[in-house]
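Following: one structure in structure tokens, then a few remarks.
The values are calculated or read from the model by the stated rules, or taken from the named source; none is laboratory data. All values derive from a computational prediction rather than experimental measurement. Because the Cβ atoms are built from the backbone with ideal geometry, glycine has one as well, and the counts that use them run over all protein chains shown. Please note that ligands, DNA and RNA were not included when accessible areas were found on the heavy atoms of the full protein model with its side chains. Shrake-Rupley method; radii C 1.70, N 1.55, O 1.52, S 1.80 Å.
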Amino acid sequence: MNSEALLARAPTADAIEQPPAAPPCGPDSAEVGVGVEVRAEVGVGVDVAEAEDFLGLLHAEHPDQPLTVRQRMHQVRAEVADTGSYAHTADELAFGARVAWRNSSRCIGRLYWQSLRVLDRRDATTPREIHRHLCEHLRQATNGGRIRPTISVFAPDRPGRPAPRLWNDQLIRYAGYRGDDGRTVGDPAHLDLTEAVRRLGWQAPGGPFDVLPLVVDAPGHEPQLFDVPGDLVLEVALSHPERPEFAALGLRWHAVPAISNMRLRIGGVDYPLAPFNGWYMGTEIGARNLVDSDRYDLLPAIARHLGLDTGSEATLWRDRALVEVNVAVLHSFRRAGVRVSDHHTESRRFLAHLAKEERQGRLVPADWSWIVPPVSGSLTPVFHRYYDEADQRPNFYPDEARSRCPYGH
Ligand code: ARG
């Protein structure tokens, strides 16, 4: 089958049920700063109680600090009184970023939270510098396929001085195009961003897997477009171990999921630009990105390709096609030497993480509907239990304040 035809999808009216797209249980922007002094000249300052909670946590887990917790709290209170905010030390930043991952209740891959590489980019101000660091992030994180969990932390929001932001939800994403006939080509999740970058002058190739340019939105500068250099975008072409024809579908996915639209909050300080990545669990691609009816929606085409009887739901053609796409994703990534995990292994690792954290006396907040894999849920041990749900900080939150971003996510 011709892949162009396959990847141009007809509009669908019905969006299927998905893990909730709503923000996690973080505060809304209106709540941030409640109860703190309003400083007329600098705006609303950092919540000192949250800063103190964070410093208390750091000193409890790492007592070997240069200052006592009382000395450091004294410094921080004085700096907040003076400027409305305070600067984290490099160690505070690294610990805060790692604990934000540890507290991310939707993430199944938290066993390795302590190994997160933290790149301190707080000094970068111009769009060009920021883009250079984003490229360096991709280079270090991709690591030729041996993907390393990495976060780059740019300047925080400060009273009267907003932080830089990115319009993109991830550093690597595929464009989506609305055709005149109502069909879409590419990733329908990015129709609006694609429109927006075209208005900024991006020359769209119009294919099913075009990597979108980045839009850096830094204070004092117009939003600026940058291409992601092709040699920094590792991609895997999908093939199936037993069905050589599968490769002819022309499917592919990028190796590194690097989320760039979540605000990292550490000790009352917000870092809206703090892109972070892990490696993929196969189902994210094989059961969601390529399959959701409001994404690439490929199951009908794949079922036809596999010769399945799509005449009745009761043949379970969807389920059978779904398994084969997931086999293809895991097989192709492994063959290409790109780190990926399967949902059985990752589920077991998550329970190992839970047990390990509990031995440390720590609560592991988790959201069942995100932790349970979208394929074969009940075959994985994470299905058969409940979890604590708590909003523990530091954490990552949706960023509500991308004011100049012309589309809503
Ligand atoms: N599910 C998202 C995607 O498919 C990525 C989310 C983060 N995933 C990860 N393995 N760190 O692009």
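Data for the structure
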quantity: Tally, over region 119-152, of residues that are under 19 Å from R263 (Cβ atoms) and within 16 Å of the ligand (Cβ to nearest atom); calculated: 5
quantity: Any chance G361 is free of Cβ contacts under 8 Å to residues at least 40 places away in the same chain and part of a loop (DSSP other than H, G, I, E, B); calculated: yes
quantity: D297 in contact with an Asp or Glu (Cβ under 6 Å, 6 or more places away or on another chain) and more than 10 Å from the ligand (Cβ to nearest atom); calculated: no
quantity: Any chance R178 is charged (D, E, K, R) and surrounded by fewer than 19 Cβ atoms within 10 Å (Cβ to Cβ); calculated: yes
quantity: Flag for R128 being in contact with a helix residue (DSSP H, G or I) (Cβ under 7 Å, 6 or more places away or on another chain) and assigned to a helix (DSSP H, G or I); calculated: no
quantity: Of the criteria (1) in a loop (DSSP other than H, G, I, E, B); (2) touching a helix residue (DSSP H, G or I) at 6+ places or on another chain (Cβ under 6 Å); (3) free of Cβ contacts under 8 Å to residues at least 24 places away in the same chain, which one E400 fails; calculated: (3)
quantity: Pick from region 86-113, criterion away from the ligand (no atom under 16 Å from the Cβ) and assigned to a helix (DSSP H, G or I), ranking: nearest to Q140 (Cα to Cα); calculated: A94
quantity: Any hit, region 317-340, residues being assigned to a loop (DSSP other than H, G, I, E, B) and within 16 Å of the ligand (Cβ to nearest atom); calculated: yes
quantity: Q65 vs. criteria modelled with pLDDT of 50 or more and exposed (fewer than 13 other Cβ atoms within 10 Å of the Cβ); calculated: no
quantity: Search result, residues across region 185-214 that are in contact (Cβ under 8 Å) with a residue 60 or more places away in the chain and in contact with a helix residue (DSSP H, G or I) (Cβ under 7 Å, 6 or more places away or on another chain); calculated: V185, P208, L214
quantity: Flag if E235 is without any contact (Cβ under 8 Å) to a residue 40 or more places away in the chain and under 19 Å from the mean Cα position of the chain (by Cα); calculated: yes
quantity: Sole exception among (1) in contact with a strand residue (DSSP E or B) (Cβ under 8 Å, 6 or more places away or on another chain); (2) among the hydrophobic types (A, V, I, L, M, F, W, C); (3) open to solvent by 20 Å² or more (accessible area, probe 1.4 Å) for L93, by number; calculated: (3)
quantity: Restricting region 349-359 to residues that are open to solvent by less than 50 Å² (accessible area, probe 1.4 Å) and within 22 Å of the chain's Cα centre (by Cα), the residue that is nearest to P373 (Cα to Cα); calculated: F350
quantity: Output for region 374-404, where each listed residue is open to solvent by less than 60 Å² (accessible area, probe 1.4 Å), closer than 28 Å to D192 by Cα and not hydroxyl-bearing (S, T, Y); calculated: N395, F396, P398, D399, A401, R402
quantity: Pairs with Cβ under 8 Å, 6+ apart, first in region 281-306 and over 24 Å from V256 (Cβ atoms) and assigned to a loop (DSSP other than H, G, I, E, B), second among the acidic types (D, E) and open to solvent by 20 Å² or more (accessible area, probe 1.4 Å); calculated: S293/D14
quantity: Residues that are outside any helix (DSSP H, G or I) and out of contact with any Phe, Trp or Tyr (no Cβ under 7 Å at 6 or more places or on another chain), drawn from region 307-316; calculated: G307, G311, S312, L316
quantity: Hits in region 235-280 (condition: within 14 Å of the ligand (Cβ to nearest atom) and open to solvent by 10 Å² or more (accessible area, probe 1.4 Å)); calculated: E235, R252, P257, I259, N261, M262, F276, G278, W279
quantity: Total residues in region 186-235, condition small (G, A, S), in contact with a strand residue (DSSP E or B) (Cβ under 9 Å, 6 or more places away or on another chain) and not in a helix (DSSP H, G or I); calculated: 6
quantity: Residues being of a type in the set (S, T, N, Q), touching a Ser or Thr at 6+ places or on another chain (Cβ under 7 Å) and either surrounded by 20 or more Cβ atoms within 10 Å (Cβ to Cβ) or within 27 Å of R148 (Cβ to Cβ) (or both) - total across region 291-348; calculated: 3
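Rundown of residues vs (1) in contact with a helix residue (DSSP H, G or I) (Cβ under 8 Å, 6 or more places away or on another chain); (2) modelled with pLDDT of 95 or more; (3) among the charged types (D, E, K, R), yes/no style:
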| site | (1), (2), (3) |
| --- | --- |
| E4 | no, no, yes |
| Q71 | no, yes, no |
| Q75 | no, yes, no |
| D82 | no, yes, yes |
